[in-house]
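Report on the following structure.
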Amino acid sequence: MKPLNKTLTGLLSALLLFAGYNGFSQGAEKATLSIAISYFNTNNRIPYVAVNAKSKLTGRFQPVGGVAIKLYLDKDSAGTFIGRVVTSEKGEAHTFIPPSVQKEWATSKSHTFLATFDGDKVYDPAKADLTVGKAKISIDTVGRSVVATLVELKDTTWTPVKGADVILAVRRLGGDLNINETPTFATDSTGKASGDFKRDTMPGDAKGNITLVAKIVDNEQFGNLSIEKTVPWGAKFKYTSTFNERTLFATRDKAPIWLQLIAYSIMIAVWGILIYLVFNVIKIKKLGESTK
Amino acid sequence: MENLLVNEKIADQEATDAMAIADEQIIADLLPQKFGKWGKIWTGFLLAICLLGMYAYYRQLRYGLIVTNMKDYVSWGIYISNFVFFVAISLVGSLITAVFRLANVHWSTPLTRIAEMIAVAAIIFASLIIIVDMGSPERFYNLFTHGRIQSPIIWDVIVITTYFFISILLLFYPLLPDIKILLRFKERSGNALHKFYNYIGSFWKGTPEQFKLSDKAINILCITIIPVAFTIHTVTSWLFATTYRPGWDSTNFGAYFIAGAFLVGSGSVVVAMYVFRKAYHLEKYITENHFEKLGRIVVLLALLYLYFNVNEFLTPAFKMKESESAYLNGLFSGNFSPVFWFAIIIGMILPILILVFKKGRKPLPMFIVGIMVVVGAWFKRYLIVTPTLLHPFLPMHDVPASYRHYFPSWEEWAITCGSLAGALLIITILARIFPIIPIQETITEQHETVK
């Protein structure tokens, strides 16, 4: 084989080797992005849409942050554009339904939300949609019972929804606590679901107010609806401040007496000795001067 | 009979004359000496490092603590490590001077002044380094106007100030009889120094009344300094132990710190006595016997400190709590392991192995061991501060990567080295001004030995 042929063969082999190396082909293969849409309406106010982006990494779904997703109402056009959101590091983003689509929103009893991702260097383009019907939830109390009513828009009238699972709970700082042992209550033919309030010792605010909540969660037809009502059913919470007590963690003028006694006694004793010893030097000095 | 009395008188006279000659010889040997060539080079070297440190501190004042590499995680860096080191080393004054004096240990007399000089120099720089760590020095004023008696930081400020004054007094009182001797040698000491001696001690006439008052004061100081010394380092340890963090959450910290302090203090005295012995030819006064005896003490203290270290690290390592595992593994086999094992092996185990043998307690091996102990102790203080701060129980979210690592900036190194050089400079200057070995005490002990 001539030297030139040897060189060419060598170069070709090297090229083939590199072509088979995964590291060079990684740029061409993009990952699949999975988008999920959720619909929320709290206290029958302006509804909002939340999106969740995730992708399979090392066999598990991981949230994907920094992904720009466009949201549309019913159809992908400029007039029905809800907004553009960018996911957080938890893969989440949300936006309220803007006034610009109010006209479109009023035209129908149910709507489809569209989410589109145009793709980037890492992920292929992706789409998702969610259809929800318009519904309202209300909350009321009868004695110590909580009553929630769920109605949906049919044609032009609000009609009770039967058989929907409603959660009746009390809103707390870390989450919602059911009003009794029953996790969910099904609505009857009048759209009502009721449960007895059995959290009598629940601490409320200074007036004993607590917040009741009725909600449907991830309902296939209506999404997530919730409504709140404040009732004076809780125990009155009386805050007793320890701020003005004498503690190790209080301000300097609130130092514990025992600590002050010990600390200042030690300081006075030791510095008393030191001052005595300084006077002792003066005494020695005087003795020396008198010796002259 | 008459001949016998005459002979006795002559013998007494001869003994007195011999003693007088010996006294003069002791004075001549122990008077402060002017710097030789090496002394000047040494002083110049220390001054240069101090100046570099001062320039770095100027930069810190000009631009703020941003010039350091301390961040939200490691907010106590090399400065606080250095502070703990200085506080530890200052404890030697109480050990060598007070404990030994009260225990009637006479062999330590030539070492007392060295120990006190080290203590004074160390406590001065312990105070200064805290002000450096504050960033803006005027904040020190706030400690007095807004300080809370409940805070261990205030306890530390109080106790350091107290210890400083006691150390100064303990250096000053035993100096008085020596000042009287120094005043006799105006030509040798020069005008400026003579004036200084005159100012601080010309009133000392050596009368029995003066000696009585001075001895009483020294005894009171020796008794007072021991609890204060224990307090100063216990309170310093509480700065850490009262904070809930891995490695600091220990009830053992006070005793652990004091044991370490006595070890590093003794190590520093060993180094200083070797250097002074060589530089000023004091072989007659700092004998091999001193090294032998101090060596035994150092080995005992090293064993004690090793025991506390086993307590501090073995029991948490045995449990290996999830919240502490990153910190402990970092020390045993992680990023900090070279420094950790260096501090344990070089600072404790090797000194023990060397000093248990009689040959190891000779001056030169003792000097090497002293350096090992001091260097090991400095790194030990670094390990007490930094790894713990890098591993909080509740880590912050989304912190920049630079927060998770700490390596001091050149300004921090320069200020730290400057402070160490400053402490050595103070010791050097004190050794130039005052006798390194107490002259009067040496003479008195000599007389007692002859009797």
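More than 32 angstrom separation, counting every C-alpha pair in chain A; what % is that? When every Cα pair of chain A is considered, 59 percent fall beyond 32 Å. If the chain linking B:Asn289 and B:Thr207 were pulled fully straight, counting 0.36 nm for each residue of separation and taking away their Cα-Cα distance, it would gain 26.2 nm. Taking every alpha-carbon pair under 8 Å whose residues sit at least 6 apart, the stretch B:319-431 reaches a relative contact order of 27 percent.
For the stretch A:185-292, chymotrypsin sites (Phe, Trp or Tyr not before Pro) are listed when DSSP marks them as loop and at most 11 other Cβ atoms sit within 10 Å of their Cβ; the list is A:Tyr239, A:Phe243, A:Phe249. Candidate cross-link partners of A:Lys162 among the lysines, defined by an alpha-carbon separation under 28 Å and a same-chain spacing of 8 or more, comprise A:Lys109, A:Lys134, A:Lys136, A:Lys154, A:Lys192, A:Lys198, A:Lys215, A:Lys229.
Spin-label model, B:Val356/A:Val217: points 7 Å from Cα along the beta carbon direction are separated by 6.6 nm.
For peptide A:274-287, the mean count of partner chain Cβ atoms within 10 Å of a residue's Cβ comes to 6. Shape class for the stretch B:361-451, computed from the alpha carbon gyration tensor (a ≥ b ≥ c): prolate, with a/c not under 1.5 and a/b above b/c. Here the stretch A:31-73 is treated as a sphere whose radius is the Kirkwood value from Cα pairs; by Stokes-Einstein at 25 °C and 0.890 mPa s it diffuses with a coefficient of 203 µm²/s.
Its Cα centre serving as origin, the protein assembly as shown has a Cβ charge dipole (Lys and Arg +1, Asp and Glu -1) of approximately 720 debye. The HN-Hα couplings worked out from phi for the stretch B:81-90 by the Karplus form 6.51 cos²θ - 1.76 cosθ + 1.60 (θ = phi - 60°) are 4, 5, 4, 4, 4, 5, 4, 4, 5, 5 Hz, whole numbers, x standing for Gly and Pro. Per the Kirkwood formula applied to alpha carbons, chain B shows a radius of gyration over Rh ratio, Rg over Rh, of 1.02. Compared with the dominant Cα axis of chain B, that is its longest principal axis, helix B:253-279 is turned about 50°.
Mean per-residue shielding of peptide B:148-160 is 4, counting Cβ atoms of other chains within 10 Å of each Cβ. The mean sequence separation of alpha-carbon pairs under 8 Å and at least six residues apart, normalised by the residue count of the stretch A:33-133, gives a relative contact order of 28 percent. Ordering B:Leu52, B:Phe393, B:Ile371 by Cα displacement along the dipole of the protein assembly as shown toward the positive end leaves B:Leu52 in first place; charges were set at the Cβ atoms of Lys, Arg (+1) and Asp, Glu (-1). Here the Karplus curve 6.51 cos²θ - 1.76 cosθ + 1.60, taken at θ = phi - 60°, turns the phi angles of the stretch A:67-83 into couplings of 9, 8, 10, 9, 10, 10, 9, 6, 9, 7, 8, 5, x, 10, 6, 7, x Hz, with x standing for Gly and Pro. Remark on A:Thr131: its backbone amide H falls under 5 Å from those of A:Phe113, a criterion applied only to residues 5 or more positions apart or on other chains, H modelled at 1.01 Å from N.
Rounded to the nearest 20, the size of the Cβ-charge dipole of chain A about its Cα centre is 1360 debye, with Lys and Arg at +1 and Asp and Glu at -1. Of the residues A:Ile262, A:Ile137, A:Ile227, the one that moves most in a GNM of chain A with alpha-carbon contacts below 10 Å is A:Ile262. Evaluated over the Cα positions of the stretch B:75-210, the convex hull gives a direction-averaged projected area, one quarter of its surface, of 11.8 nm². For chain B, the longest principal axis of the C-alpha atoms and the axis of helix B:288-319 are separated by about 20°. Each of B:Val120, B:Val356 was scored by other Cβ atoms within 10 Å of its Cβ. Arranged with the fewest first, they read B:Val356, B:Val120.
Length, then width, then depth: along the principal axes, the Cα atoms of the stretch B:102-176 run 46, 23, 19 Å.
For chain A, the longest principal axis of the Cα atoms and the long axis of helix A:3-19 meet at an angle of about 80 degrees.
Computed about the Cα centre, the dipole magnitude for the stretch A:33-133 is approximately 160 debye when only Lys and Arg (+1) and Asp and Glu (-1) carry charge, each at its Cβ.
Calculate the mean, over all residues of peptide B:171-180, of how many other protein chain Cβ atoms lie within 10 angstrom of the residue's Cβ.
1
What is the projected area of the convex hull of the Cα atoms of the stretch A:33-133, averaged over all directions, in nm²? Provide the component values of the computation, followed by the final result.
On the way: hull surface 27.0 nm².
Result: 6.7 nm².
Computed over all pairs of different Cα atoms, the Kirkwood value for the hydrodynamic radius of the stretch A:135-231 is 13.7 Å.
A prolate overall shape is assigned to the stretch B:256-369, the ratio a/c of its alpha-carbon gyration tensor axes (a ≥ b ≥ c) being 1.5 or greater and a/b exceeding b/c. Among A:102-114, B:343-355, the peptide with the highest mean count of other Cβ atoms within 10 Å heads the list, and the full ranking is B:343-355, A:102-114. Scalar couplings 3J(HN,Hα) for the stretch A:110-117, obtained by applying the Karplus form with A = 6.51, B = -1.76, C = 1.60 to θ = phi - 60°, are 9, 9, 10, 8, 10, 10, 10, 10 Hz; x denotes Gly and Pro. Only DSSP H runs of four or more residues enter the estimate; each adds -39500 (n - 2.57), and after division by the residues of the protein assembly as shown the mean residue ellipticity at 222 nm equals -18000 deg cm²/dmol. Please label the shape of the stretch A:159-292 as rounded, prolate or oblate, based on the square roots a ≥ b ≥ c of the eigenvalues of the alpha-carbon gyration tensor (a/c under 1.5 means rounded; beyond that, a/b larger than b/c means prolate, else oblate). Prolate is the answer for the stretch A:159-292, as a/c is 1.5 or above and a/b outweighs b/c. Cβ-to-Cβ counts within 10 Å put A:Ser38, A:Ser290, B:Ser268 in ascending order as A:Ser290, A:Ser38, B:Ser268, the fewest first. With one equal scatterer per alpha carbon and no solvent term, the Debye-computed log10 I(q)/I(0) for the protein assembly as shown at 0.08, 0.10 1/Å reads -0.85, -1.07.
The Rg/Rh ratio of the stretch B:199-268, with both radii computed over alpha carbons and Rh defined as the Kirkwood radius, is 1.26.
Placing unit charges on each Cβ (+1 for Lys and Arg, -1 for Asp and Glu) gives the protein assembly as shown a dipole about its Cα centre, and among A:Thr251, B:Ile226, B:Ser250 the Cα reaching farthest toward its positive end belongs to A:Thr251. The relative contact order of chain B, computed from alpha carbon pairs under 8 Å that lie at least 6 residues apart in sequence, is 32 percent.
The numbers here are math on the coordinates, done by the rules we state, and not lab data. Just so you know, these numbers come straight off a predicted model, no measurement behind them. Positions of Cβ are generated from backbone atoms using ideal geometry, with glycine treated the same way; all protein chains shown enter the neighbour counts.
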